[in-house]
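The values are calculated or read from the model by the stated rules, or taken from the named source; none is laboratory data. Owing to the predicted nature of the structure, the values given are computational and were not obtained by experimental measurement. Here the Cβ is made from the backbone with ideal geometry for all residues, glycine too, and neighbour counts use every protein chain on show. The area values use the complete protein model at the heavy-atom level, side chains included, leaving out ligands, DNA and RNA. Shrake-Rupley method; radii C 1.70, N 1.55, O 1.52, S 1.80 Å.
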Amino acid sequence: MLDKLNDIEKSALESLDAITDQAALDAWRISTLGRSSPLMSVFAEFGKLSKEEKPVIGVAANRVKVALEAALAERAQAVKNAALAKSLEEEKLDVTLPGRTKHIGRLHPSTQQLRRVLAILAEMGFQVYTSREVETDEMNFQMLNFPLHHPARDMQDTFFVEAGDRGDNPILMRTHTSPGQIRAMREAVATNPQNPPPIRIALPGMCFRYEQITARSEIQFNQVEGLAVGKNITFADLKGTIADFVRRMFGEGARLRFRASYFPFTEPSAEVDVECFVCGGKGCQVCKNSGWLEILGCGMVHPVVLQNGGYDPKIYSGFAWGMGPERQLMLRNKINDIRYFWGNDVRFLEQF
Ligand code: DAH
């Protein structure tokens, strides 16, 4: 019986040694320590042993059982370690490889500039009013005092949108943000027709012109229109507001000048120049040796335009301006080609 126990132990340990995976371990456990294993049959037949044999065989059988259980636990740990080592080997990371750069998005330079402009205007009390990009001829031109066939229309070549024959009022892509003036005034008047409220708004947005695309002109660009309407508003208010804006935008020391100009929707009209920030006014290529850079058009709202907006020009007056954020960025950063803005070249965009 003792020999049998020794044989069971020896052969079990031998076969255990060859095991390298969990399934074989399970099978080994069942065949070696399971209920119908040879070792267990020794325990089952224990009762048949003589009084003298019992303690000897009992001690020996228990020793074998404990030894085999210990061997199993040890082997199980080894199998587990081997599996772990293998998976680590397979999933090996080369931590010395340089990582892949994640490109983080950013706001388009035009949007950044638009926001700068609007933030300054907000501080100055101008509320944002957005108006439609697709307009009628009536809003884009006629209500702004461009009569039909007026030569001033030639300054703003137009994309027409086909939508049936609308006679003298075709649908078009707005050529400037100025039609928003009419819409804003009419909306304000509608809130109180007897006594319309004063207006102080900034109108940002995309404008479209049917032009040859060159380094200096694009078929689309942003504008920020300003409009103030109320009682006793004078040209002095216009000058003060523009001067304040220019200093907040281009720096406390920025010098500016007003030049008489013409727009159908303002009277009088002016264009505003700032001293060239490239040469400081001495004259250079950017300012074409004039020392000045034009940044916006402005004027006192024409009585006809006030009337079209629903404000009585005998009681109300106002001023307006229009400026281009892309143009400001070009001047500021010496960008010599406007096509970069919509060219979507990240090498350009990443610089802002
Ligand atoms: N709408 C003009 C343009 O696109 C810019 C402009 C000039 C707007 C004078 C104004 C203004 O409101 O008063 O060329």
Sort out which residues of the range 85-140 are among the charged types (D, E, K, R), without any contact (Cβ under 8 Å) to a residue 60 or more places away in the chain and open to solvent by 100 Å² or more (accessible area, probe 1.4 Å), and write them in order of number. Lys86, Glu89, Glu90, Glu91, Lys92, Arg100, Lys102, Arg115, Arg132
Kindly list the number of the only condition in (1) touching a residue at least 60 places away in the same chain (Cβ under 8 Å); (2) closer than 20 Å to Val304 by Cα; (3) among the charged types (D, E, K, R) that fails for Glu218. (2)
Can you pull out the residues in the range 143-179 that are in contact with a His (Cβ under 9 Å, 6 or more places away or on another chain) and not in a loop (DSSP other than H, G, I, E, B)? Leu144
Could you check the range 295-311 and list, in sequence order, the residues that are more than 11 Å from the ligand (Cβ to nearest atom) and either touching a helix residue (DSSP H, G or I) at 6+ places or on another chain (Cβ under 9 Å) or in contact (Cβ under 8 Å) with a residue 60 or more places away in the chain (or both)? Ile295, Val304, Leu306, Asn308, Gly309, Gly310, Tyr311
Here are some conditions: (1) closer than 21 Å to Ile295 by Cβ; (2) at pLDDT below 95. Asn222 meets all but one. Which one does it not meet? (2)
May I ask you to verify whether Gln220 is over 28 Å from Asp312 (Cβ atoms) and assigned by TED's automatic domain parsing to the domain that holds Asn145? yes
Of a type in the set (A, V, I, L, M, F, W, C), away from the ligand (no atom under 16 Å from the Cβ) and at pLDDT 95 or above: does that describe Phe341? yes
Give all pairs with beta carbons closer than 9 Å in which a residue from the range 316-331 that is under 16 Å from Arg248 (Cα atoms) meets a residue that is of a type in the set (Ser, Thr, Tyr) and at pLDDT 90 or above; count only pairs at least 6 apart in sequence or on separate chains. Pro325/Ser110; Pro325/Thr111; Leu329/Ser110
Taking only pairs six or more apart or across chains, which ones have beta-carbon atoms under 9 Å, a first residue in the range 38-54 that is under 17 Å from Lys65 (Cβ atoms) and touching a residue at least 24 places away in the same chain (Cβ under 8 Å), and a second residue that is open to solvent by 70 Å² or more (accessible area, probe 1.4 Å) and basic (Lys, Arg)? Pro38/Lys4; Val42/Lys4
Quick one: count up the residues across the range 199-255 that are basic (Lys, Arg) and assigned to a loop (DSSP other than H, G, I, E, B). 4
Can we say Tyr210 is within 11 Å of the ligand (Cβ to nearest atom) and open to solvent by 40 Å² or more (accessible area, probe 1.4 Å)? no
Of everything in the range 264-294 that's of a type in the set (Phe, Trp, Tyr) and away from the ligand (no atom under 13 Å from the Cβ), which residue is modelled with the highest pLDDT? Trp292
Being crowded, with 20+ Cβ neighbours inside 10 Å and part of a loop (DSSP other than H, G, I, E, B) is the requirement here; does Pro196 meet it? yes
Within the range 14-42, which residues are loosely packed, with under 15 Cβ neighbours inside 10 Å and not in a loop (DSSP other than H, G, I, E, B)? Glu14, Ser15, Asp17, Gln22, Ala23, Asp26, Ala27, Ile30, Ser31, Pro38, Ser41
Which numbered condition in (1) within 16 Å of the ligand (Cβ to nearest atom); (2) closer than 30 Å to Pro193 by Cβ is the only one that Lys314 fails? (1)
Within the range 120-142, the residues that are outside any strand (DSSP E or B), among the hydrophobic types (A, V, I, L, M, F, W, C) and farther than 17 Å from Ala228 by Cα are Met139, Phe141
